[in-house]
1. Look at Gln440 and say whether it is touching a residue at least 40 places away in the same chain (Cβ under 8 Å) and within 16 Å of ligand 2 (Cβ to nearest atom).
2. Which residues, counting only those in segment 414-428, are closer than 18 Å to Thr371 by Cβ, in contact with a Leu (Cβ under 9 Å, 6 or more places away or on another chain) and either open to solvent by 40 Å² or more (accessible area, probe 1.4 Å) or part of a helix (DSSP H, G or I) (or both)?
3. For segment 465-508, how many residues are farther than 12 Å from Phe448 by Cβ, among the acidic types (Asp, Glu) and assigned to a loop (DSSP other than H, G, I, E, B)?
4. Could you list, in sequence order, all residues of segment 455-478 that are touching a residue at least 40 places away in the same chain (Cβ under 8 Å) and among the aliphatic types (A, V, I, L, M)?
5. Are there any pairs, at least 6 apart or on different chains, whose C-beta atoms fall under 8 Å, with the first in segment 220-238 and assigned to a helix (DSSP H, G or I) and the second of a type in the set (A, V, I, L, M), and if so, which?
6. Which one is surrounded by the fewest Cβ atoms within 10 Å (Cβ to Cβ), of the residues in segment 525-566 that are under 31 Å from the mean Cα position of the chain (by Cα) and not in a helix (DSSP H, G or I)?
7. Has segment 510-518 got any residue that is touching a Lys or Arg at 6+ places or on another chain (Cβ under 8 Å) and in the same structural domain as Ala433 (by TED's automatic domain parsing)?
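The values are calculated or read from the model by the stated rules, or taken from the named source; none is laboratory data. Every value quoted in this text rests on a predicted model; they were computed, and no experiment measured them. Every residue, glycine among them, receives a Cβ derived from its backbone with ideal geometry; neighbour counts consider all protein chains shown. Accessible surface areas use protein heavy atoms only, side chains included; no ligands, DNA or RNA. Shrake-Rupley method; radii C 1.70, N 1.55, O 1.52, S 1.80 Å.
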Amino acid sequence: MVIKGIAASNGYAIAKIFKIETLALDVTDEKIASYEDEKLKFDTAHQKSISELQTIRDKAIINLGEEHGAIFEAHLQMIQDPELLGGIESMMENDLVNAAFALQTVSDSFIAIFESMENDYMKERAADIKDIRKRLLCHLLEVKMNDVTLIDEPVVVVAEDITPSETAQLNRDFVKGFATNIGGRTSHSAIMARSLEIPAVVGLKSVLEKANHGDQVILDGVSGEIFLNPTQEMITTYEQKLVEYNEKKLLLQRYLDKKSVTLDGHQVEMSANIGTPDDVDGIIANGGEGVGLYRTEFLYMGRSNFPTEEEQFIAYKTVLERMDPKPIVIRTLDIGGDKELSYLDMPEEMNPFLGYRAIRLCLDRKEIFVTQLRALLRASIHGQLKIMFPMIATISEFLDAKSILLETKEALIKEGIEVSEHIEVGMMVEIPAAAILADQFAKHVDFFSIGTNDLIQYTFAADRMNETVSYLYQPYNPSLLRLIKMVIDAAHKEGKWAGMCGEMAGDHIAIPLLLGLGLDEFSMSATSILSARALMSKMDMKKLKPLAEKALDMSHNDEVMNLVNDYLEEIK
Ligand code: PEP
Ligand code: MG
């Protein structure tokens, strides 16, 4: 059976299916006959949960570092909490209720206490209790819990959706691909998949229902298809494709130390989008000329409290030092939309992508913002730092953010802390209002970075997570190209540079157009850099400028796509 979805991360995978099911945990208040028997049942479930958590903690430390391990260390402490255990035992003994019911009742009261606390750190302990309760209930009710961190053989993970923090827990050695019911090419799980180099197909709508745990599957991250229970013939075809894919990757290695330059000598910068300091390995392996977007929100995810100034400082310093003297654009916290923090109380919103997110949240919760800015400024002396604010809609927002940055800098200097004098401060252009007023913004910023993932969704009013309207993801539509041109022209008029860090920057149909429009910097998943550089080396600016001009005068996304495809055929 073939299911068609959206190709989210290149490559092929042939492996067994690992399903992450939404669990049904039905707890009833049935009475028990013997306290001793029930206590034994609880102790067994408790022991199993403890040893699983120990395995997960050890794996997290090895694969993801100490800080991720600490989350599970906290779970281990909580699952052995004497008050929690005492409460459950006495309820079983006195009321003769079953272990699952006692666990549910006692943990509910703990959760309620934590949730009512003022302090954010204490509040988030409630989420931890829910987590360990789920594990214990699975053992008590004999419901199989498919825990991604326990995977120890090659698999394709199939799920409704994979959250960015779950993606971060996937073990690259065994997870050969992932397939999800929801999501689009620019959802954050898709972006993470590309940076982890895991082939992925998203927006499959019904894969979770149709796939069986343990069955064979082929995942085609190029065409966006998955084949359930394929024939031997198909497996052989795909094994061949996999070999060719790897050979092609090897051939691109000759562009590793080359400049990003057209046939007629026009040079740009091709840099990488990263989410964690570990991604620096990927940039080096793929010949990136810098970091065009460091999505710092991943530092805040997959944990139970805010990262401290010191933790952030270490992460930023690591990237700056390892990449020095290459330029590093670090974006301040862009939380909200599809990126949530379990420990940050966010209002329920009808439209989270249009709501309280990114710079809006940072200007409102100044203490969160200032902690990050202090860490960034302290790290600035360790490399070529550029700071960028996300989701700027108005000039006032940019000026407010910049003045908080300057205040923070002065405070640090007063404390005797050294800060670089050469930090460029720029903004993302993700909102049409900012693109339209780019000529005025250009007087205040040092650079623009166009975030097309959001700019496209806001220009066409089409949610980037909603596969039903994914036909409106139209990167070549002249309306969008005209907005991009306005930004680039405005930057150049003021002697500033314009880059792009949306996924469009690594798209082979977009690249000729963006070069023709004069884009200076292209920031993409590290794994896309070499093929983009190889493509660019076959192009001629004398042809690209008229090509872009022609595209701007067209009416349809497809028309532009055909125009560029004809050109790409010509230079093949
Ligand atoms: C963008 O919107 O294009 C972008 C790069 O930011 P993010 O994908 O993190 O929203
Ligand atoms: Mg964005």
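1. no
2. The one that is closer than 18 Å to Thr371 by Cβ, in contact with a Leu (Cβ under 9 Å, 6 or more places away or on another chain) and either open to solvent by 40 Å² or more (accessible area, probe 1.4 Å) or part of a helix (DSSP H, G or I) (or both): Ile417.
3. 1
4. Those that are touching a residue at least 40 places away in the same chain (Cβ under 8 Å) and among the aliphatic types (A, V, I, L, M): Leu455, Ile456, Met465.
5. Pairs that qualify, where the first residue is assigned to a helix (DSSP H, G or I) and the partner is of a type in the set (A, V, I, L, M), are Met234/Ile218; Ile235/Ile14; Ile235/Ile218; Tyr238/Ile14; Tyr238/Ile218.
6. Here the answer is His556.
7. Yes: one or more hits.
Okay, residues lined up against (1) open to solvent by 50 Å² or more (accessible area, probe 1.4 Å); (2) over 29 Å from Asp173 (Cβ atoms); (3) of a type in the set (Lys, Arg); (4) touching a Gly at 6+ places or on another chain (Cβ under 6 Å):
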site	(1), (2), (3), (4)
Phe42	no, yes, no, no
His46	no, yes, no, no
Ile61	yes, no, no, yes
Ile71	no, no, no, no
Pro82	yes, yes, no, no
